[in-house]
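We did not get these values from a lab; they are worked out from the coordinates using the rules stated. Everything quoted here is computed from the prediction, not taken from an experiment. Every residue, glycine as well, gets a Cβ built from its backbone with ideal geometry; the counts of neighbours run over all protein chains shown.
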Ligand SMILES: Cc1cc2nc3c(=O)[nH]c(=O)nc-3n(C[C@H](O)[C@H](O)[C@H](O)COP(=O)(O)O)c2cc1C
């Protein structure tokens, strides 16, 4: 077993967190990760309202008696969602671990800490990490340039960011972005991290749930049937993809996002590269959340924009979360043992 500051703080067996994922972080996946010994995280904004988040938390509890968290992502938007309402609903439902991401997390962090919660804050620069640390977060999730979703605008690779975290941070941090296996976990631990945060890898796992309340997706009237939140076609697409199959959109709008390189993403980038650039209005029809959601529901990889990192190149199967986390744990231990074997007391004589 690997015991780290993260496993001790969260009471989990494996130092692996499943990061918040829009349209993916639903109860079946979250429960599967927590049941497998990691920390599953529900994505608040995938629920249409704070009340719906309450239901999702209750559904998750039916599927696991283990600890799980809730992600609240603060978006750069003119009409912000009811963040406070989502946060209050989750705390009232007894959730005690939160992942925050995005700009200006201060008020949310204050609210969670005043309610005795553990806060993991995701950030892409050491400056932001230090600032969140001063706000009282418990763990920093250090998200390198490799990550799926928003890597920030400063393009700092994970290796450098983590080594800088080791130099600068006083509180535990986990490595996020580009990790899918035990080698990645072992490398993260070597860089001083207390564990890892993974997104893309968890998209390609088997998670099932029994519907009793109706679904957040299109299966509204389904009752007591087993379903997965991501269509099998998309999982097959991920398995068939390489590390070259992602692309950055919104670079010119300074809201960079790493997404799967499909026809829609390439069209967005082409519009952004037009002489004179693009305004959000020019690409709004391509990047809507409703279209992105359809990718997972209909299993059409070109239906809209969907988030993924180069980790797709590392994914060769779609195991259960239990099998995945056991494998990651075993591989990491083997790597660590292998590294120990590199250290010898006496220099070997040259064979020449
Ligand atoms: C499909 C998908 C949706 C995501 N949505 C969110 C989100 O809503 N909020 C958030 O903080 N991070 C989001 N992320 C980022 C993940 O939480 C995580 O930080 C990231 O995936 C790590 O990089 P990796 O994919 O290389 O493991 C998303 C990632 C994926 C793959």
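Cα-based radius of gyration for region 119-160, normalised by 2.2 N^0.38 Å, reads 1.10. Across the chain, Cα-Cα distances exceeding 38 Å account for 13% of all pairs.
Here each label is just a point 7 Å from Cα along the line to Cβ, and for residue 49 and residue 153 those points are 3.6 nm apart. If I take R0 = 25 Å and measure r between the Cβ atoms of residue 288 and residue 242 in this structure, what FRET efficiency does the formula 1/(1 + (r/R0)^6) give, to the nearest 0.05? E(calc), rounded to 0.05, equals 0.35. For region 1-133, the square roots of the Cα gyration tensor eigenvalues, ordered a ≥ b ≥ c, give a/c of at least 1.5 with a/b no greater than b/c, which places it in the oblate category. Using all pairs of distinct alpha-carbon atoms, the Kirkwood hydrodynamic radius of region 71-134 works out to 12.1 angstrom. Taking label positions 7 Å along the Cα-Cβ direction at both residue 125 and residue 334, the computed distance is 4.1 nm, reported to one decimal. Assuming R0 = 35 Å, what is the FRET efficiency of residue 167 and residue 103, from their Cβ-Cβ distance, to the nearest 0.05? E(calc), rounded to 0.05, equals 0.90. With no solvent and one equal point scatterer placed on each C-alpha of region 246-307, evaluate the Debye formula and give log10 I(q)/I(0) for q = 0.23 Å⁻¹, two decimals. With no solvent term, the Cα-only Debye profile gives -0.89. Annotation: the antiparallel percentage among DSSP beta bridges lying fully within the chain is about 20. Helical runs (DSSP H, four residues minimum) scored at -39500 (n - 2.57) apiece and divided by the length of the chain put the mean residue ellipticity at 222 nm at -11500 deg cm²/dmol.
Counting every Cα pair in region 290-333, what percent are over 18 Å apart? Of all Cα-Cα distances in region 290-333, 50 percent exceed 18 Å. On the basis of the beta-carbon distance and an R0 of 30 Å, residue 134 and residue 9 show a calculated FRET efficiency of 0.95.
Between residue 317 and residue 251, the contour length at 0.36 nm per residue exceeds the alpha carbon distance by 20.6 nm. Only Cα pairs under 8 Å and 6+ residues apart enter the sum, and on that basis the relative contact order of region 1-122 stands at 21 percent.
Here the gap between residue 280 and residue 61, fully extended at 0.36 nm per residue and compared with their Cα-Cα distance, gives a gain of 74.9 nm.
Counting only C-alpha contacts under 8 Å and six or more residues apart, can you give the relative contact order of the chain as a whole percent?
Answer for the chain is 16 percent.
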